[in-house]
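Report on the following structure.
The values are calculated or read from the model by the stated rules, or taken from the named source; none is laboratory data. What you see is a predicted model, and the numbers here were worked out from it, not measured in a lab. FYI the Cβ positions are ideal-geometry reconstructions off the backbone, even for glycines, and counts take in every protein chain you see.
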Amino acid sequence: MTNILVVDDEEDVLILMEKILKYKGYKVITADGGNKALDIINSDTKIDLVILDIMMPDINGWEVCRKIKSNPKINSIPVVMLSALFLEDDIKTSFEAGADEHITKPVNFQKISDVIYQLVGNSDISS
């Protein structure tokens, strides 16, 4: 089963993303901050994809992405930035940090589904 780590400091976003992604057949792990996300990614937990908010109080998503992409043990994990930041410079910063995609909020679940499919394929259940 495909394991997706969703990182956001807003509980409503975590709950919504978890429900949608579980419905699509993915296993979802959530983290409410960047440091917690890094702890999970650096543990023995298998993570196939990270969906990462940018604006978080402890460590911002760009820095989390940079840490993931600079670590040879985990740098192959695709990272999707999901943020209210939508300016060209914000999107450019996401890609410079190593993100594989930048999706703006409000959440477009078809877009997220398409991006996940492009990056890691479909879940193990049939839809």
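Do we have any residue at all in the stretch 9-30 that's acidic (Asp, Glu), under 20 Å from VAL120 (Cβ atoms) and either in contact with a helix residue (DSSP H, G or I) (Cβ under 8 Å, 6 or more places away or on another chain) or part of a loop (DSSP other than H, G, I, E, B) (or both)?
As a first pass, look at the stretch 9-30 and keep what is acidic (Asp, Glu): 9-12, 18.
Those left that are additionally under 20 Å from VAL120 (Cβ atoms): 18.
Retained after the next criterion (residues that are either in contact with a helix residue (DSSP H, G or I) (Cβ under 8 Å, 6 or more places away or on another chain) or part of a loop (DSSP other than H, G, I, E, B) (or both)): none.
Scanning the stretch 9-30, I find no residue that is acidic (Asp, Glu), under 20 Å from VAL120 (Cβ atoms) and either in contact with a helix residue (DSSP H, G or I) (Cβ under 8 Å, 6 or more places away or on another chain) or part of a loop (DSSP other than H, G, I, E, B) (or both), so the answer is no.
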Only one of these conditions is not met by LYS73: (1) under 24 Å from ASP12 (Cβ atoms); (2) in a loop (DSSP other than H, G, I, E, B); (3) at pLDDT below 95. Which number is it?
-> (1)
Residues of the stretch 31-69 being out of contact with any Asp or Glu (no Cβ under 6 Å at 6 or more places or on another chain), of a type in the set (S, T, N, Q) and in contact (Cβ under 8 Å) with a residue 12 or more places away in the chain, in sequence order, are ASN42, THR45, ASN60
Has the stretch 20-30 got any residue that is hydrophobic (A, V, I, L, M, F, W, C), closer than 25 Å to GLU96 by Cα and within 14 Å of the chain's Cα centre (by Cα)?
-> no
Identify the residue in the stretch 62-87 that is out of contact with any helix residue (DSSP H, G or I) (no Cβ under 8 Å at 6 or more places or on another chain) and hydroxyl-bearing (Ser, Thr, Tyr) and, among all such residues, is nearest to VAL6 (Cα to Cα).
-> SER76
Which of the residues belonging to the stretch 39-60 are more than 16 Å from PRO72 (Cα to Cα), at pLDDT below 95 and among the acidic types (Asp, Glu)?
-> ASP58
Residues satisfying the stated conditions in the stretch 83-102, i.e. closer than 18 Å to MET17 by Cα and at pLDDT 95 or above | GLU101, HIS102
Tell me, yes or no, whether the stretch 88-108 has at least one residue that is free of Cβ contacts under 8 Å to residues at least 60 places away in the same chain, hydrophobic (A, V, I, L, M, F, W, C) and out of contact with any helix residue (DSSP H, G or I) (no Cβ under 9 Å at 6 or more places or on another chain).
-> yes
Pick out the one residue from ILE40, ILE59 that is in contact with a helix residue (DSSP H, G or I) (Cβ under 9 Å, 6 or more places away or on another chain) and either of a type in the set (A, V, I, L, M) or surrounded by fewer than 20 Cβ atoms within 10 Å (Cβ to Cβ) (or both).
-> ILE59
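When you check LEU16 against the structure, is it under 20 Å from THR2 (Cβ atoms) and more than 13 Å from the chain's Cα centre (by Cα), yes or no?
yes
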